[in-house]
Amino acid sequence: MGNKKVQALPGIGKKNGTQLRRRGIKTAKMMYGEFLIKGGNGKKFKRWLDSKCNANDGQQKACINALKTWHDNHQ
């Protein structure tokens, strides 16, 4: 995950990535940190993601699945 740009995460893309960067979330690592702050809880993270960039359900699921997969493979 490292210092990849936030828009590199599945489901984020350019539009959502721009909105997240404006709110201070610039890297995939920062998104992963928010995921951990939410306790890895998909519902809490979905609400947070929706509030930050209005990501739709499919985008939210793609992002959460990627973060969960990374977490499972690196913890």
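Using C-alpha positions alone, give me the convex hull volume of the range 1-42 per residue in cubic angstrom.
Details: hull volume 2.9 nm³, N = 42.
Normalising the Cα hull of the range 1-42 by residue number yields 68 Å³.
Output the peptides 66-74, 14-22 sorted from most to least packed, where packing is the average of other Cβ atoms within 10 Å over each peptide's residues. Show your work: numbers first, answer last.
Details: 66-74: 13.4, 14-22: 16.0.
Highest mean packing first, the order is 14-22, 66-74.
When the gyration tensor of the range 10-75 is built from Cα positions, what are the square roots of 5 times its three eigenvalues, in whole Å, from largest to smallest? It would help to have the intermediate numbers written out before the result.
On the way: eigenvalues 60, 30, 25 Å².
They are 17, 12, 11 Å, listed from largest to smallest.
Tell me, what is the percent relative contact order of the range 6-74, built from C-alpha pairs under 8 Å that lie six or more residues apart?
Relative contact order for the range 6-74 comes out at 38 percent.
All of the numbers you see were taken from the coordinates with simple rules; none came from a lab. The structure presented is a predicted model; accordingly, all values stated were derived computationally and were not measured. Counting neighbours? That spans all protein chains shown, and the Cβs are built from the backbone with ideal geometry, glycine included.
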